[in-house]
1. Tally time: how many residues in the range 75-103 are open to solvent by 40 Å² or more (accessible area, probe 1.4 Å) and touching a residue at least 24 places away in the same chain (Cβ under 8 Å)?
2. Checking Y116 against (1) surrounded by 13 or more Cβ atoms within 10 Å (Cβ to Cβ); (2) over 14 Å from the mean Cα position of the chain (by Cα): exactly one of these is not met. Which one?
3. Pairs please, first residue from the range 24-43 and within 11 Å of R69 (Cα to Cα) and touching a residue at least 40 places away in the same chain (Cβ under 8 Å), second anywhere and polar (S, T, N, Q) and outside any loop (DSSP other than H, G, I, E, B), Cβ atoms under 8 Å, 6+ apart in sequence or on different chains.
4. Got a number for residues in the range 98-113 being under 14 Å from S63 (Cα atoms) and not β-branched (V, I, T)?
5. Quick check on the range 138-166: of everything there that is open to solvent by 80 Å² or more (accessible area, probe 1.4 Å), over 17 Å from the mean Cα position of the chain (by Cα) and not hydroxyl-bearing (S, T, Y), which residue is farthest from T102 (Cα to Cα)?
6. For the range 92-119, which positions are among the small types (G, A, S) and at pLDDT 95 or above?
Amino acid sequence: MSLTKISLLPILALCLISAQAARFDIVNQCPYTVWPAATPYGGGVQLNPGQVWNLDIPAGTSSARIWGRTGCDFDGSGRGNCQTGGCGGDLRCRLSGQPPLTLAEFTLNGGNNLDYYDISVIDGFNVPMQFAPTSNGCNNVRDCRYSSCPDAYQYPSDNTKTVACPGGTNYRVVFCP
């Protein structure tokens with residue numbers, strides 16, 4: 001192996017590590033069923049109390065959202081409605097939910113190999129939520145419970161609520177933390 005190939009191996013390994021997918025564990029701790037949705041990744045999962053939905057999201061994903069839908073009823077073809085957070089009557093969301101909804105928003109491997117994330121209640125509040133990293137030593141937790149959402153975007157010009165973790169971090173979104 002030539003000297004050039006040997007010196008490029010650490011650089012190539014670093015690029016592969018920084019471009020890995022992030023694992024999102026979406027947990028329902030509510031005493032009721034939540035139907036999580038994720039754009040641009042769909043949804044269509046019924047989470048009864050205590051259940052977890054694991055979602056691998058590719059590095060480079062930007063402007064993504066996760067939210068909980070409540071009071072849903074779908075037929076065998078995946079058509080139906082939800083009391084909160086519905087997305088045009090689809091089981092698998094292709095567009096964002098209808099307000100009111102509590103949103104976990106994120107971009108993976110944005111600028112400087114960092115993930116950026118926040119919770120938003122700009123479109124209203126429907127399910128208490130916690131959004132937290134679970135790896136890479138990052139501990140920037142975002143929390144929003146009923147009338148107390150100090151970590152959440154309250155209005156569009158509030159640009160102080162987004163936090164960052166190193167790219168390749170895994171996350172947990174908990175409904176009713």
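The values are calculated or read from the model by the stated rules, or taken from the named source; none is laboratory data. Here the structure is a predicted model, which is why all the values come from computation and not from measurement. When we count neighbours, we look across all protein chains shown, and the Cβ atoms used for this are built from the backbone with ideal geometry, even at glycine. When the accessible area is computed, the model is the full protein with side chains, heavy atoms only, and any ligands, DNA or RNA have been set aside. Shrake-Rupley method; radii C 1.70, N 1.55, O 1.52, S 1.80 Å.
1. As a first pass, look at the range 75-103 and keep what is open to solvent by 40 Å² or more (accessible area, probe 1.4 Å): 75-77, 79, 81, 83, 88, 91-92, 94-95, 98-100.
From the residues that got through so far, the ones that are touching a residue at least 24 places away in the same chain (Cβ under 8 Å) too are 91-92, 94-95, 99-100.
Qualifying residue count for the region: 6.
2. (2)
3. That search, which allows pairs on different chains as well, returns V34/N28; V34/T70; W35/T70; P36/N28.
4. Initial filter on the range 98-113 (under 14 Å from S63 (Cα atoms)): 103-111.
Filter once more, keeping what is not β-branched (V, I, T): 103-106, 108-111.
Adding up the residues that qualify gives 8.
5. So in the range 138-166, the residues open to solvent by 80 Å² or more (accessible area, probe 1.4 Å) come out as 139, 145-147, 150, 154-157, 159-160.
Within this subset, residues satisfying the condition of being over 17 Å from the mean Cα position of the chain (by Cα) are 146-147, 150, 154-157, 159-160.
So of that shortlist, the ones also not hydroxyl-bearing (S, T, Y) come out as 150, 154, 156, 159.
Working: P150: 13, Q154: 11, P156: 14, N159: 17 Å.
So, considering only residues that are open to solvent by 80 Å² or more (accessible area, probe 1.4 Å), over 17 Å from the mean Cα position of the chain (by Cα) and not hydroxyl-bearing (S, T, Y), the one farthest from T102 (Cα to Cα) is N159.
6. Quick first cut of the range 92-119, residues among the small types (G, A, S) only: 96-97, 104, 110-111.
A104 - this is the single residue of the range 92-119 that is among the small types (G, A, S) and at pLDDT 95 or above.
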